[in-house]
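The values are calculated or read from the model by the stated rules, or taken from the named source; none is laboratory data. Worth saying up front: this structure is predicted, and the values here are computed from it rather than measured. Cβ: placed from backbone, ideal geometry, glycine included. Neighbour counts: every protein chain shown.
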Amino acid sequence: MTSRQLLIRDLLVLFGLSGWALALPGIASDFVLSMALTCMMYVVLSSSWAMFCGTTRYLSLATAAFFGLGAYSSALLLGNMPWWQVIVVGALVAASVAVLMGAAVLHLRGTYFAVLTFGMTELIRHAITYYEKSVTGTVGRVLMVVPDREVVYLTMVLLAVLAVATSIIIRRTRFGLAMVGIGADEQRAQTLGVNTRVIKITGFALTAAFAGAVGAAMSVRWTYIDPHTVFNPFIGFQTVLIALIGGAMTLWGPLIAAIVFSLLAETLRLQVPQLYMMSLGLLLILSVLYLPGGLASLRVETFKGWWTDTRQWWQSQRYRWSGDKARDEARARQRAKERRDA
Amino acid sequence: MSLIAWIELIASGLITGGIYALVALGLNLQYGLMRILNIAHGEFLMVGAFITWMVQTQFGFSPLAMLPLSFLLLLALGVSVHWLCFKRLTVTSPNLDVFEARGLMVAFGLMFLVQNFVSYVWGGDLRGYDYLSEPVRFGEIQFAGNKLLVFGLSLLFSIVLIVLLRMTLLGKGVRALMQSPVGAQLVGIDTQRLHPLMFGIGLGLSGIAGCLLSMAYTISPSMGEPYTVTALIVITLGGFGSMGGALAGGLLLGVIEAVGMHFTNPSLKALLSYVVFISVLLLRPEGLFARKKRKA
């Protein structure tokens, strides 16, 4: 397919999916709707994560921080501002924190970056907990005025469509290409005239803006928020997990994985929460080991590859266990000895 | 503040610092040697603590007798985890950067797996047992006996490890691998055997730390994570891959926390350690005690 056909295909798929999402409130039960809401939350988080972190290979664990910042700004502003402004402010707060954070840490690569973003998330969480405890005297906040369920749902659909559309578009711009270049080889990208610092900070802020907007939109669902729930590092981990299992370099991978995971979460988590988390961990390990490109890279050839690999492994094991290997080695030694003697 | 209060404060900081050092040494061994940033390290500490608690309450073994046992158990676990996961990763990763990122992800998976397995099997309650909890007096200063024992033993094991790495041929091989993996292989050091062993020893150390912790503190399935974070802080303080640095960093962090908590507020403890961590990483990413070193 040419690039133009790909664009049309992607846009059509997105159009179809958003149609389904919009039709859902008419046909589905409350349970399904709340599941769809969680699903869309992770679609936005992991697609926007993959947009920056997947292409540049900067593994950020700070999603929880941006999510929490969005949620908190929504909790503070909800009474005084119209709904859409609350969302925008949530996104802006998260993005500006991301610019500061990015300016401080984006010159570090790899593990250092991952660990530092995690540390900063925890720092923000503890700082807000401390502030709430000692200054305002409460731990959490209650959200008094919340918008309708319909409004929240539509906002989330809009955000999800926006997130996927942004990553469709960005892949085709110079900005997106520059990010891919940074991921492939940062020094080379620099040599070729990419202003890596600006690109990285902008990309990071964009990711953060989406996470902040989702945080602002989702906070009304809980009606009571405290730092422990909205800054839960697990939100960040799960985002990364979903993006990686789906395929961080791909467009649709995070979306597919987000859908799979929210289904899995709702079915398993209610009965045996630990089992859900365990399968999450196991899936992550397996996908990193055997499917580094993610679910989206799964093709018929992948299965064939696994099949031949297993067969080869089994053949080599059989060769060893049956004693043939030992026999052949002994023969080779014997022959070498004869040659030396002769 | 009187002199005795100061001494007590610093000593209590050193006691927690001893545990920090022991946990950090294991993590440092894994990161320095194999570039595996094992986020699941604290979870294995928790496993060690739970095994000790279970054997102690079920069969009445002394926790001291459990020290070698939990070391060996976790050593075996570590070797098998390495064999199952990291061996394949080493083969399939195109370069060290990719290996590090993937290793981190695998460790995340292990963290979820182990933590939830334990809470599935034993439940999420706080648990503990009494062991040597009567105070010991030195003049006017007094400590709980178990904490003193924990400190002594963790210091002992840390020093034993460091001495082993300095003195023995095995230790020489390990240090050579830390300096230059390719060079070490060229002079005939068997990475295929050393890597699993050292990964196992790192986990074994966390098993010992868990065993020691369960003597003095209550345990729960979520106890591991703070220790992982602390260990990360400690190895950044001491410098990635530096063993003496990890020991000094652990003790230092313990004292910083104790003093900081005394003068400010106990709920600031976590905040304080993160501030230390981030400022060290940003200002001196090569560690506080590092001399001029090659860039990692």
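A few points about this structure:
- Taken together, the residues in segment B:222-250 that are of a type outside the set (Phe, Trp, Tyr) and more than 11 Å from residue B:42 (Cβ to Cβ) amount to 17.
- Helices (runs of 4 or more DSSP H) contained in segment B:172-243 and holding at least 2 residues crowded, with 20+ Cβ neighbours inside 10 Å and in contact with a Gly (Cβ under 8 Å, 6 or more places away or on another chain): B:191-216, B:224-238
- Among (1) within 14 Å of chain A (Cβ to nearest Cβ); (2) loosely packed, with under 13 Cβ neighbours inside 10 Å - the single one residue B:102 does not satisfy: (2)
- Screening the candidates A:103, A:91, A:114 for the property of being touching a residue at least 12 places away in the same chain (Cβ under 8 Å), away from every other protein chain (no Cβ under 13 Å), among the small types (Gly, Ala, Ser) and assigned to a helix (DSSP H, G or I) yields one hit, A:91.
- Residues satisfying the criterion are present in segment B:75-91 (criterion: surrounded by fewer than 20 Cβ atoms within 10 Å (Cβ to Cβ), more than 14 Å from every other protein chain (Cβ to nearest Cβ) and touching a Pro at 6+ places or on another chain (Cβ under 9 Å)).
- Qualifying residue in segment A:308-330 (condition: modelled with pLDDT under 85, of a type in the set (Gly, Ala, Ser), out of contact with any helix residue (DSSP H, G or I) (no Cβ under 6 Å at 6 or more places or on another chain) and at positive phi): yes
- Only one of B:236, B:264, B:230 that is within 14 Å of chain A (Cβ to nearest Cβ) and touching a Pro at 6+ places or on another chain (Cβ under 8 Å): B:236
- Residues located in segment A:91-126, provided they are surrounded by fewer than 17 Cβ atoms within 10 Å (Cβ to Cβ), closer than 21 Å to residue A:74 by Cβ and not polar (S, T, N, Q): A:99, A:100
- Qualifying positions in segment A:167-196 - under 20 Å from the mean Cα position of the chain (by Cα) and either at positive phi or acidic (Asp, Glu) (or both): none
- All positions within segment A:326-342 that are more than 54 Å from the chain's Cα centre (by Cα) and not in a loop (DSSP other than H, G, I, E, B): A:331, A:333, A:334, A:335, A:336, A:337, A:338, A:339, A:340, A:341
- Every pair of residues 6+ apart whose Cβ atoms lie under 7 Å, when the first sits in segment B:35-64 and is under 18 Å from residue B:119 (Cβ atoms) while the second is assigned to a loop (DSSP other than H, G, I, E, B): B:53/B:129; B:57/B:129
- Residue match in segment B:28-35 (condition: more than 13 Å from chain A (Cβ to nearest Cβ) and under 20 Å from residue B:230 (Cβ atoms)): yes
- The condition (being without any contact (Cβ under 8 Å) to a residue 24 or more places away in the chain and not β-branched (Val, Ile, Thr)) is satisfied by just one residue among A:249, A:277: A:277.
- Residue A:72 being assigned to a loop (DSSP other than H, G, I, E, B), surrounded by 22 or more Cβ atoms within 10 Å (Cβ to Cβ) and touching a residue at least 60 places away in the same chain (Cβ under 8 Å): no
- Residue in segment B:150-158 that is surrounded by fewer than 19 Cβ atoms within 10 Å (Cβ to Cβ), of a type outside the set (Gly, Ala, Ser) and in a loop (DSSP other than H, G, I, E, B) present: no
- Restricting segment A:128-156 to residues that are away from every other protein chain (no Cβ under 14 Å) and touching a Pro at 6+ places or on another chain (Cβ under 9 Å) leaves a set whose member that is nearest to residue A:36 (Cα to Cα) is A:153.
- Members of segment A:179-196 that are part of a helix (DSSP H, G or I) and among the polar types (S, T, N, Q): A:187, A:190, A:191, A:196
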